[in-house]
Amino acid sequence: MSESRTAGVKVVGEERSGTEERAAAGSSPSAAPSSAPTWWVWLAAWPVTAVFVLSNAATPLYVLWQRDIGFSKGTLTVVFAFYIVGLLGSLLVSGVVSDRLGRKPVLLPALALALAACLIFATASSVAALIVARLFTGIAVGAVVSAGMAAVTDVAGQDRKRLAALLASCAMVFGAGLGPLLAGILSETLPAPTVTVFLVEMALLATAVLAVLRMPVQRPAAPAKGAWLRVPGVPRGKGLQLTLGIAVFAPGITATSFVLSLGPSLLSGLLGTTSRIVAGAMAFVMFLAATGVQFAVQRLRRRTILTAGAISTGLSMITLIVAVHTSSVPVLITSALLAGAGQGMGQLGGLSLLNSTVPPERLAEANAALNVGGYIPAGLLPVSAGYLSDAVGLTNGATVFGTVLMSLAVVGGLVVVAARRRVPEPA
């Protein structure tokens, strides 16, 4: 995690220049004062949570749009994939811009775009509208996983590095799980199910805007270097840390993406129910597992966390294959829980490795690089599984998907084990 402190402190009655202070503190010019209270570290994570609530809020509602608009499982995964397209496009820009202009100039437009996505979702009457809303949501999410997570680190400062990594990572997965649960409950219990959900989300986003406006972070003073639009990366010598994070995070988030996109269809086939509360609850417990496991393993060595994440993802795919062949809902829920745990540990381990070794002025870009590596397979593989399921049936499609992803998880775990002696455990 980054070691960031703000410029602007006074030492023995002398006010030093911003450059001198940052050199003395080893800090980022966009960092907040190290004296920022702990509650501000928690509050800095709220915009990440609020945007991720939106990221999956539509999950239980797709069955309604499928009924009213009429589209296949393959089309559904394409709608989901446009979220990935927006996210990846955002990651190409948001990390670099955040490191150069500051966290707020990236977060505030992202929150505005998230509010626009809510309006489009609430009035959607075509597949095109759903695609645009998902695209806007992806762009907003790309901004918060780079600038938003870096802002949490900035506010936390040098002495709370582990807390910052934990809160930033948990804010993402908790919001991702809370969204479908709220959507499922609100859409089943209140009128206008595809409208009410997004009105509530707009209220949550409004509070996130207020948190960003008051967030104690400063604009960077360092001059810009390099291209503004580029594939995000990490400083020279930190590529192996990035590779280790992607090797485990990518299969984990691909597994949870599959559950989000085709989980309701699996439940419908196995349980014979289209209950939006049940679909939302399955997504919620999956991400609750992702949140809880991060608190449980936070003090373990980072490579141990990554290895456990790879194992969990592999087991989730084994149980997914068993579930679809035995029509067992309990086994399907077990698969979702293991997938959530796999993503949570892969995400926490990857973020911790980067935040402990990457300088603060490159932190948002490093976060973006980790997520680019994770979301590319998370977009491609579930879409392929969706169209394959249309062609050969959901059981066979899920079996092929599970086998491929289990293989990737095993490879990721082997990569982490093989690199144990090459990468020292960061402090």
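The values are calculated or read from the model by the stated rules, or taken from the named source; none is laboratory data. The model shown is predicted, which means the values in this text are computed figures rather than measured ones. Reconstructed Cβ throughout: ideal geometry from the backbone, glycine too, with neighbour counts over all protein chains shown. Side chains included, ligands, DNA and RNA excluded: accessible areas come from the protein's heavy atoms. Shrake-Rupley method; radii C 1.70, N 1.55, O 1.52, S 1.80 Å.
Observations, loosely collected:
- Hey, PRO330 assigned to a helix (DSSP H, G or I), modelled with pLDDT of 85 or more, open to solvent by 10 Å² or more (accessible area, probe 1.4 Å) and closer than 28 Å to ALA164 by Cβ or not: no
- Any hit, region 71-80, residues being touching a Lys or Arg at 6+ places or on another chain (Cβ under 7 Å), without any contact (Cβ under 8 Å) to a residue 60 or more places away in the chain and either of a type in the set (Ser, Thr, Tyr) or part of a helix (DSSP H, G or I) (or both): yes
- Any chance GLU365 is modelled with pLDDT under 85 and charged (D, E, K, R): no
- Candidates SER312, SER352, SER316, filtered to the one that is more than 25 Å from PRO180 (Cβ to Cβ), in contact (Cβ under 8 Å) with a residue 24 or more places away in the chain and part of a helix (DSSP H, G or I): SER352
- LEU43 open to solvent by 30 Å² or more (accessible area, probe 1.4 Å), at negative phi, at pLDDT 75 or above and not basic (Lys, Arg): yes
- The set of residues in region 280-307 that are among the small types (Gly, Ala, Ser) and open to solvent by 10 Å² or more (accessible area, probe 1.4 Å) comprises ALA281, ALA289, GLY292, ALA296.
- Of the listed requirements (1) free of Cβ contacts under 8 Å to residues at least 24 places away in the same chain; (2) within 22 Å of GLY340 (Cβ to Cβ); (3) crowded, with 16+ Cβ neighbours inside 10 Å, LEU388 misses just one: (2).
- Within region 88-115, residues that are within 23 Å of VAL197 (Cβ to Cβ) reach no partner that is surrounded by 20 or more Cβ atoms within 10 Å (Cβ to Cβ) and of a type in the set (Lys, Arg) with beta carbons closer than 7 Å at six or more positions or on different chains.
- Looking at LEU91, LEU101, just one residue is under 26 Å from PRO235 (Cα atoms) and buried (at least 24 other Cβ atoms within 10 Å of the Cβ), and that residue is LEU91.
- Residue that is modelled with pLDDT of 80 or more and more than 16 Å from ALA339 (Cβ to Cβ), where the choices are MET215, MET286: MET215
- Looking only at residues of region 308-323 that are β-branched (Val, Ile, Thr) and either out of contact with any Gly (no Cβ under 8 Å at 6 or more places or on another chain) or open to solvent by 30 Å² or more (accessible area, probe 1.4 Å) (or both), we find that the one that is nearest to LEU353 (Cα to Cα) is ILE311.
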